[in-house]
Each structure stands twice: as structure tokens, then as C-alpha cells.
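The values are calculated or read from the model by the stated rules, or taken from the named source; none is laboratory data. Being a predicted model, the structure only gives us computed values, none of them experimental. Note that we place each Cβ from the backbone using ideal geometry, even for glycine, and neighbour counts take in every protein chain shown. Just so you know, the surface numbers come from the protein's heavy atoms only, side chains and all, with ligands and any DNA or RNA stripped out. Shrake-Rupley method; radii C 1.70, N 1.55, O 1.52, S 1.80 Å.
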Amino acid sequence: MEKEQTPRRATGAPAHWADEAAAKILREKGGKERYTCASGITPSGTVHIGNFREIISVELVVRALRDLGKNARFIYSWDDYDVFRKVPENMPKQEELKQFLRFPITMVPDPWERDESYARHHEVDVEAALPLVGITPEYLYQAERYRAARYAEGMRKALEKRETLKNILDKFRDKEHKIQGEWWPVSVFCETCNRDDTGIDGWDGEWHLSYHCNLCGSKETVDLRKTGAVKLVWRIDWPMRWEYENVDFEPAGKDHHSKGGSFDTARHVCKEVYDWDAPVTFSYDFIGIKGTPGKMSSSKGKVVDLSDVLKVYTPEVTRYLFAGTRPNSEFTISFDLDVIKIYEDYDKTERIAWKAESAKDEGTYLWQKRIYELSQVGTDRDGKTAMPTVQPYQVPFRHLCNLVQIADGDIDKALAALGPDAAGSNTASSAGPTPQQLPALRSRAACAKYWVEECAPEEFRFRLKASGEEPSPQLGATEREAIRSLRDKVIARIETFDGDKPCAEAIYRIAEEHSMEGKALFRAAYQALIGKDQGPRLANFLRSISKERLLGILVGY
């Protein structure tokens, strides 16, 4: 089979991977009134950022379909009728939770006592976070659906074709792992003790199924059209729901896409048992984590979820991490100094998209603009991608971190420093941010504050000394004399410098006057101001702090 060529626009720009997937759906599924795109997970523990990769991958394809004028439905299944098999290490009340092993997850109590069940707690956490990044799927709760007997027909069909199903499953297994003895495509939760340690005794060929419980000894015959106790095993349940919901697209992790893996078997089950063509799909890779988000390492077993990422990255930059990376490529979400580089990359894409910076050619411009569009949280009323209504006011993340620290963590004070010709800003306007630009800027400042306080390496952090504080004991007489000159000849007229370059030149002249190397004066200045040997670029740093505050800190010299 020939390898599919990457679609390209007439300009030579490569198509975005979400647009490629949308085009493939239209080719393989043909013209339809509505296309259904699906994702889902078992809420057996914290839904981590790796799980989020599937969610946003589907959402980006949905946007691509809507951009083509198609009606696209995004369903997200909570498989909350799965079995509670083990207690994750990061859960509280471990011993209490162990009492509910083998129950449906939706019947396990919430150990935080916030929601009606363990499953619902994890669902609520995700459902609250997804709208922050512009994702609002239609949620399907499988416990509700099974208990309402909505899948009775699908279960009966599986029972009727259980030999076919057995052969499909065995086709991908070696001799040692083939199904032995009697096998049933359904499992039963005991209606007396709620656990799934049951055995099936028989099926009447129509709607009635008999079972016994190995734990409590209960024996029952249930009607598939009325009971909520019976469910399909996962490898059959998944393709049954593809047909039930008319799913046209669903990605899966590379483990599910391995040869003979769950997607292979599901594809056969879907066609041979439920007479439905499996959805268009692609494989997505794993996500690595670099650095530690906040104090989470102190909690054994803690995993990184979307809310953790949103503390460091704005919603748009979070989307950018995924929109700018092909799903089959592994990548790392960083919480260390690489955070600064990621923000710089996003800002460059934003400037190109707004034509505030020239791209090397038209193809690059269209490619970067498409990534930027898909990174935005908002859409138009039809769910199509849309540029923001105003060009964002850019302040480099590194500089914003410095402003927040200069303001002692006060975001309002940090943003107030961004007046006309704001130091370090990179925006088409020389004025400060407008009221329309402030919300996004405030969001970025909040991320900068969290990152500096909770994630940044110690050498990046600083605290300005208090006014009138004793001179640093680290400085000798020559260094103190140089600091006095810096105070009286540079800082005293700091407002006269129209940029960092003339200010830096003035600083170097002070070093020459005192026969010092520039880096020696820098060290002395940092010791005097923040009690460290290193700090932010000095000229920009001095211009970012009010003259009065600088003079107050250095008054003792």
C-alpha cells in the first residue's frame, strides 16, 4: 500500500495534522449530515496530561471538520461502569477504598467526600478544567447507560455471536493465551453484593441470563432489557459503542494500536458482529514530564494533570504544545527553565500569525498561522477556529517573571509597570496594554508568579532588599565605591535612558572608572540589590524598578 502523501496547500505550506485527519474522515466516511468524533476513559484515578492528549487531539480534528463547514459531534465517554481493580497510590483513605475493590467505579465512595462517588470526583475535575482550554464535549456516562439497559440489543448480539467473537480474539493470541473452555462476552455485577466475582450459568438464547456469585452465593436470572447488572467485556464494549453512536473518528494510544492490540480486535468485532466500519483513527505517543510542577513531588504517586499544567502555561500555550506537535511524536512538557523557551516559541508563532514578524516565506506564514489559530481557546458561533479580536500585548515570560518578583508577587503592581514603551515588551504598539489586552496578560502574569514561586530553580529567583537595609558584607571598599557611582550617575537619571543599550553603556563606563571588569560590577550590583552573585540582565533590571526604590535600597552606600 502506498504511503499517503501529506496534503499541501497551493502555497507549499504543509497541511496541519488535524486538517489531514479531517480530510481522511471525509474521504473514508463520505458525505454525511453529521460526523461523530469520540474519546473516553475509565475514571479509575487522576486523568493525567497524557490522557488529555487524546481529548485535545479529537477536539482539534473536530475544529478542522467544522472549519470545512461540516457538522461535527464530539462525544466523551466516561467508562464509569468499569471495575475498580486497584487503589492508586495518590488516593487518600487507602484502606477504606480497598473495601470496594471489584465494585463498579461509580459505586465507590469519594474519599475526599466532595462528590457522590469516586468516579464522579475524577469526572468533575476534568469537566471543570476542559472549558478553560476551550473544550466542551458531550459527556456520555456509561454507568447510566448500562443501568438504563440501552445496550441490551448490543449484548444480545454479542451473545448470539460469541463463537465469532472468540475466534476474533484468539486470532491475535498465541497458543498459550487462547481462550480455554466456556467463554462469555459479558460480565455481571452481583445484584446482592455489587462485585463482579460472578460466573454465568446460562443464556436462554433471547433476553435472559443466569449467573451465580462466588462471594455471597447469590443466584439470579436477569432480563437484559431490564437489568443494569450485565455489561460487555471491554474489547467488545468499545466496538459495540462505535456502532451505537455511529463513530467516524477516534484515536488511540500507540499501545492500543500495536499489531494484534485492542484496536485491531475492535475493528474486526465492529465489522463482523455489529456491521459497522471502524472509525478513522491515528496513534498518539506518550508525553514526558521534565521538572516538577510545584510541590507535587511530596505526594507519592502524584501525576500531572491538566490543572497542574494550567498553573504554569496559559490555556493558549497549553493548546499550542499539542497543536504544534504531531500526535505520533513523543514530546515533553517542561516545568523547569525550558518553560521560558516554550513561551518564546509561542510568542514567535503569534507574531508571525499577526504579521508583526515576517515569516521566511508564505508557506511558513500559513503553517504558523494555522497552529496559532488552533491554539486559541475561543471559536466563532459555528465552532470554527478564529483569531482573537485584538492582537495580544506581548511581554516575554522571562521579563514578566522579573516584574512579578520586583513587585514582590503583586500582579497588579507588576502589570502597572507596563506603561508606554514598556521595558522588554515586544508588541506592535508602543503604549501599554489596552483594557481588552489585560485579561490575557493577567493570565500570563499569574502563570509567571506560580512558576517563579513553585517551579523555577533557585538561581532564577530573587527578592529585592528593603529600603535602608545594611550594605552587603560581601562587598569590599572598591565595590562599594563603584555601587555609589552606579547609584549617583546611572540610577539617579535612569529615566533619561531610552532603552537598555544606552543604560548598559553607562554601566560599563562606571566599571571603567573604577578599573573593574563589567562582570565584577554586575556581581556587586546584584549583591547590593538582591544579595546574590547573579541576576537578570542588569540594564533591563534597573529600568524595570522604580528609581525611588533603587535609591532607597542603595542609600546606605
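Couple of notes before you dig in:
- Only protein heavy atoms count here; under a 1.4 Å probe, residue 136 has an accessible surface of about 110 Å².
- Under the Karplus curve 6.51 cos²θ - 1.76 cosθ + 1.60, θ = phi - 60°, whole-Hz ³J(HN,Hα) for segment 111-120, x wherever Gly or Pro sits: x, 8, 6, 9, 10, 6, 7, 4, 4, 5
- Nonlocal amide H pairs with residue 73, under 5 Å, H built at 1.01 Å: 35, 36, 37
- For segment 255-407: rounded, prolate or oblate by the Cα gyration tensor [a/c cutoff 1.5]: oblate
- Given a 1.4 Å probe and the protein chains as shown, residue 512 ends up with an accessible area of around 140 Å².
- Cβ distances below 4.7 Å define possible disulfide partners, and in the chain the cysteines left without one are 37, 270, 401, 447, 455, 503.
- Near residue 334, the amide H atoms lying under 5 Å from its own belong to 290; only residues 5 or more places off or on other chains count, and H is placed 1.01 Å from N.
- The Kirkwood radius of the chain, taken over pairs of alpha-carbon atoms, gives through the Stokes-Einstein law at 37 °C and 0.692 mPa s a diffusion coefficient of 120 µm² s⁻¹.
- Contact order normalised by residue count of segment 335-387, Cα under 8 Å, 6+ apart, percent: 24
- Cα-Cα over 23 Å, subset of 355/449; 341/547; 86/231; 355/501; 341/519: 355/449; 341/547; 355/501; 341/519
- Put a dot 7 Å past the Cα of residue 223, heading toward its Cβ, do the same for residue 183, and the two dots end up 3.2 nm apart.
- Here is the list for segment 19-67: GluC sites (Glu not before Pro) lying in DSSP coil, each with at most 11 other C-beta atoms within 10 angstrom of its C-beta, are 33.
- Extension gain from residue 136 to residue 172, taking 0.36 nm per residue of separation minus the Cα-Cα distance: 9.3 nm
- Contact order normalised by residue count of segment 56-167, Cα under 8 Å, 6+ apart, percent: 26
- Over the Cα atoms of segment 495-557, the radius of gyration divided by the Kirkwood radius equals 0.94; this is the Rg/Rh ratio.
- Exposure of residue 177 as accessible area (Å², to 10), given a probe of 1.4 Å and all protein chains: 110
- The relative contact order of segment 442-537 comes to 36 percent, based on Cα pairs under 8 Å that sit 6 or more residues apart.
- Dividing the helix sum by the residues of the chain, where each DSSP H run of 4 or more adds -39500 (n - 2.57), gives a mean residue ellipticity at 222 nm of -11500 deg cm²/dmol.
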